[in-house]
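Peer 1: This is the structure, below, for whatever I ask next.
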Amino acid sequence: MGSFGFQEILIIALVILVLFGARKIPEFMKGIGKGIREFNDARDTDTKKEEEKKKDTKAAE
């Protein structure tokens, strides 16, 4: 329970195809990809800021 098998994924894909149509799916996936990319960029920026803050703190000591 909790894991998806091939049949479940296939059914979900077919439902999405029926609901959105073949023309909307590429736009939908492009939007998801853009959102993931923005999330990763924001995460990387925060990580860099934290590392710089640690370096500044160590340099001040």
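Peer 1: Return the residue satisfying two criteria in turn: it lies in region 1-45 and is of a type in the set (Gly, Ala, Ser) and not in a helix (DSSP H, G or I), and of such residues it is surrounded by the fewest Cβ atoms within 10 Å (Cβ to Cβ).
Peer 2: GLY2
Peer 1: Are any of the residues in region 33-49 modelled with pLDDT under 90 and either among the aromatic types (Phe, Trp, Tyr) or in contact with a Gly (Cβ under 7 Å, 6 or more places away or on another chain) (or both)?
Peer 2: Checking region 33-49: not a single residue is modelled with pLDDT under 90 and either among the aromatic types (Phe, Trp, Tyr) or in contact with a Gly (Cβ under 7 Å, 6 or more places away or on another chain) (or both).
The values are calculated or read from the model by the stated rules, or taken from the named source; none is laboratory data. Not measured: the values here are computed from a predicted model. Note that we place each Cβ from the backbone using ideal geometry, even for glycine, and neighbour counts take in every protein chain shown.
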